[in-house]
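Asker: One structure, as structure tokens, below. Some questions next.
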Amino acid sequence: MDKKTEIVILTHGGWGSKLVESLKMVFGEITCVHEIPLLPQYTFAEYYQMVEEYLAELSNESVVLTDIFGGTTSNVAAKIGHASGMRVISGLSAPLLLEACSQLQYQGVLDADKLLEVGRGAAKDVVKEILSNMGR
């Protein structure tokens, strides 16, 4: 049996589920995202085991998106990603998750390099962008 490809989000306190709910207003139904929240009562070892067990059931074409580089979520994902070859990207944001959902739900594959490009370009100086697009 082929393993499923998913977007797995790892966030402190579970705010990723709120992000997914918000994106449904823009994207519609989102069926390819699974969050594993890091809650205060979990030790590193407990959280690692939860994430490792879930990711073991997925295709290595899946991508893990984490919230804070250097935090427990990205450290756990990095250790598992290094061992499995699964791509891990830190800096979870609405534009990044929207791009990942769009790729997976409409194209059936995830392009982690394209996700990195979107993530790098996600932060904008809004007024400056608008003025430059108006030719000012």
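The values are calculated or read from the model by the stated rules, or taken from the named source; none is laboratory data. Here the structure is a predicted model, which is why all the values come from computation and not from measurement. Cβ: placed from backbone, ideal geometry, glycine included. Neighbour counts: every protein chain shown. All accessible areas refer to the heavy atoms of the entire protein, side chains included, with ligands and DNA or RNA removed. Shrake-Rupley method; radii C 1.70, N 1.55, O 1.52, S 1.80 Å.
Asker: Give me D for the chain in µm² s⁻¹, whole number, from Stokes-Einstein with Rh from the Kirkwood sum over alpha-carbon pairs, 25 °C and 0.890 mPa s.
Answerer: For these conditions, the coefficient is 157 µm²/s.
Asker: Now, a different point. Averaged per residue, what accessible area in Å² does region 1-77 show with a 1.4 Å probe, protein chains only?
Answerer: Ligands and nucleic acids excluded, the figure is 54 Å² per residue.
Asker: Counting DSSP beta bridges in the chain, what percent are antiparallel, to the nearest 5?
Answerer: Around 0 percent antiparallel, to the nearest 5.
Asker: Let me ask you something else. Pulled fully out, how much extra length does the chain show between Lys24 and Arg120, if you take 0.36 nm times their separation in residues and subtract their Cα-Cα distance?
Answerer: 32.3 nm
Asker: In debye, nearest 20, what is the charge dipole magnitude of the chain about its Cα centre with +1 on Lys and Arg Cβ and -1 on Asp and Glu Cβ, if you could check?
Answerer: Charge dipole of the chain: 460 debye, to the nearest 20.
Asker: Here is a further query. Using only alpha carbon pairs under 8 Å that are at least six residues apart, calculate the relative contact order of region 70-136 and give it in whole percent.
Answerer: 26 percent
Asker: Could you state how much accessible area Thr72 has, in square angstrom rounded to the nearest 10, with a 1.4 Å probe and all protein chains kept in place?
Answerer: 50 Å²
Asker: Under 8 Å for C-alpha pairs, at least 6 residues apart: give me the relative contact order for the chain, rounded to a whole percent.
Answerer: Relative contact order comes out at 25 percent.
Asker: Right, something else. What order do Ile9, Ile130 take when sorted by accessible area (1.4 Å probe), most exposed first?
Answerer: Final ranking, largest accessible area leading: Ile130, Ile9.
Asker: Which three semi-axes in whole Å describe the equivalent ellipsoid of region 1-43, each the square root of 5 times a Cα gyration tensor eigenvalue, listed largest first?
Answerer: 21, 18, 5
Asker: May I pose another question? Before rounding to the nearest 500, sum -39500 (n - 2.57) across all DSSP H runs of length at least 4 in the chain and divide by the residue total; then give [θ] at 222 nm in deg cm²/dmol.
Answerer: Calculated mean residue ellipticity at 222 nm is -14500 deg cm²/dmol.
Asker: Now for a separate question. If I ignore ligands, DNA and RNA and count only protein heavy atoms, how much of His34 is accessible to a 1.4 Å probe, in Å² to the nearest 10?
Answerer: 60 Å²
Asker: Roll a 1.4 angstrom probe over the protein heavy atoms and tell me the percent of accessible area of the chain that is carbon or sulfur.
Answerer: 55 percent
Asker: With the chain treated as a Gaussian network of Cα nodes joined by springs under 10 Å, which of Val26, Val51, Val118 yields the largest mean-square fluctuation?
Answerer: Judging by the Gaussian network model, the answer is Val26.
Asker: Right, something else. So how do Phe44, Phe69 rank on accessible area, 1.4 Å probe, biggest first, that is with the largest at the start?
Answerer: Per-residue accessible area, sorted high to low, gives Phe69, Phe44.
Asker: Another one. For region 1-59 and region 81-135, write down the distance between their C-alpha centroids in whole Å.
Answerer: Answer, in whole Å: 17.
Asker: Protein chains only, probe 1.4 Å: how do Met134, Met86, Met50, Met25 rank by accessible area, largest first?
Answerer: Met25, Met134, Met50, Met86
Asker: Something else about it: For region 39-46, what does the Karplus curve 6.51 cos²θ - 1.76 cosθ + 1.60, with θ = phi - 60°, yield as ³J(HN,Hα) per residue in whole Hz, taken in order and with x for Gly and Pro?
Answerer: So the J values, rounded to whole Hz, are 9, x, 7, 7, 7, 4, 4, 5.
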